[in-house]
1. Might you let me know whether the range 11-26 holds any residue that is open to solvent by 40 Å² or more (accessible area, probe 1.4 Å) and modelled with pLDDT of 90 or more?
2. Any chance you could count how many residues in the range 53-80 are modelled with pLDDT under 90 and either touching a strand residue (DSSP E or B) at 6+ places or on another chain (Cβ under 9 Å) or open to solvent by 10 Å² or more (accessible area, probe 1.4 Å) (or both)?
3. Please return the ranges of helices (runs of 4 or more DSSP H) entirely within the range 24-82 where 1 or more residues are over 16 Å from Ala93 (Cβ atoms) and of a type outside the set (Lys, Arg).
4. Tell me, yes or no, whether the range 230-239 has at least one residue that is over 30 Å from Lys123 (Cβ atoms), at pLDDT 95 or above and part of a helix (DSSP H, G or I).
5. Name the single residue that is farthest from Thr66 (Cα to Cα) among those in the range 28-52 being open to solvent by 10 Å² or more (accessible area, probe 1.4 Å) and over 23 Å from the mean Cα position of the chain (by Cα).
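The values are calculated or read from the model by the stated rules, or taken from the named source; none is laboratory data. Quantities reported herein were computed from a predicted structural model and do not represent experimental measurements. Here the Cβ positions follow ideal geometry from the backbone for every residue, glycine too, while neighbour counts run over all protein chains shown. Each accessible area value is taken on the protein alone, full model and side chains, heavy atoms only, with ligands, DNA and RNA left out. Shrake-Rupley method; radii C 1.70, N 1.55, O 1.52, S 1.80 Å.
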Amino acid sequence: MSKKAKETFSDEPGDPGAAPSPAGLRGRIRGLAPGMTRSMQAVAEAVGQDPAGCAQLTVTGLAERTGTSEATVVRTARLLGYPGYRDLRLALAGLAAQQESGEAPAVTADIGVADPLSEVVAKLAHKERQTLADTAAGLDVGQLAGAVAAVAGARRIDVYGVGASSLVAQDLAQKLLRIGLVAHALADPHLAITNAVQLGPSDVAVAVTHSGATGDVIDPLRTAFERGATTIAITGRPDGPVTQYADHVLATSAARPSEFRPAAMSSRTSQLLVVDCLFVGVAQQTYERAAPALAASHEALAPRHRAPAAPRPPRSRP
């Protein structure tokens, strides 16, 4: 049976994937909010800021609180991954219980131009930890398992990414090469499509795009999808256009971008965590081949990590 592209972006948003756990709900809200309508953003902002209060409200009550409609509340719940508002209320109650159990207060202030470096370090470290926690909580293990199985058995793996996502694509391809798999990271969109037309049912194509709407990444993934390859999307928008051509969707999270921390920077941490999870899963499934390949690459590279036998003295400063 030939593949058919999934339908996306109708007036009634479809289920973007498995419902996130209470711990992953905040990350899902941060990731999806930029693409929501203003009225849906109002609902998402309310439940994110006051989960305990919103968990006590009926759908009518939340609509009145946010100045929206009952339909908007239900659409927002569905976009966040829940079958209906009742399921979202249960998740909000769980999130509120977690917060009341002693969770440390969040560091919410953005980095300011006059912040001392010690404060910059503290704020960045907190945001990185939160991003990793949100990504881990929201990652669909079933989707991950399907992606692992596909990559482990692939004849060839092509990974697409441009801009900052190209660095993540290179990281994944390099890791897979070190365990004996044939993997290529392709940042040039023309070369990516040229390679994609050569793929078939025994191959895998991976798209890395935080926005889920990068045309230079979607085009080669669509080509691979149409050729019958198994396709994987690593994206912060599980409802984005890229998922229309993805057999497996691995959702990432990201801290809210700021003046000193653009979206490309805030998304990289979560993308790298997903890449590491995918890689370790593949290495486990292919251990008999992966272990000798890793040992061989380590042995080949070891001499390059040793200091020269007779290093020159350090250059004196003027």
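1. no
2. Number of matching residues: 2.
3. Working: elements: 38-49, 51-55, 59-66, 70-79.
So the answer is 38-49, 59-66, 70-79.
4. No - not one qualifying residue is present in the range 230-239.
5. Ala52
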